[in-house]
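The values are calculated or read from the model by the stated rules, or taken from the named source; none is laboratory data. Just so we're clear, the structure is a prediction, and the values are computed from it rather than from any experiment. Quick note on the areas: whole protein, heavy atoms, side chains included, nothing else; ligands and nucleic acids left out. Shrake-Rupley method; radii C 1.70, N 1.55, O 1.52, S 1.80 Å.
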Amino acid sequence: MTVKYTGDFVTSVEEYESVKNDLGHVGFYGVLMVLGAVMLFFLRVRTLLAMGITIAIGIAWTFARRS
């Protein structure tokens, strides 16, 4: 016999983890595509680094948690 937890709490935890995982993948690929488009447009690595740092700061600011 196997005993497991079930109900609304377990379902909400599983859904939260799934959404968090999906957002991580979509965010990574989105940033990668934006930087790829910038590289194709400007053809300069310095511009790519500036945009990458700007995007990283914006993402860190958005998803930062207060302690």
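Can you pull out the residues in region 1-10 that are assigned to a helix (DSSP H, G or I) and at pLDDT below 90?
Phe9, Val10
How many residues are part of a helix (DSSP H, G or I) and open to solvent by 50 Å² or more (accessible area, probe 1.4 Å) when one looks only at region 19-67?
Selection size over region 19-67: 31.
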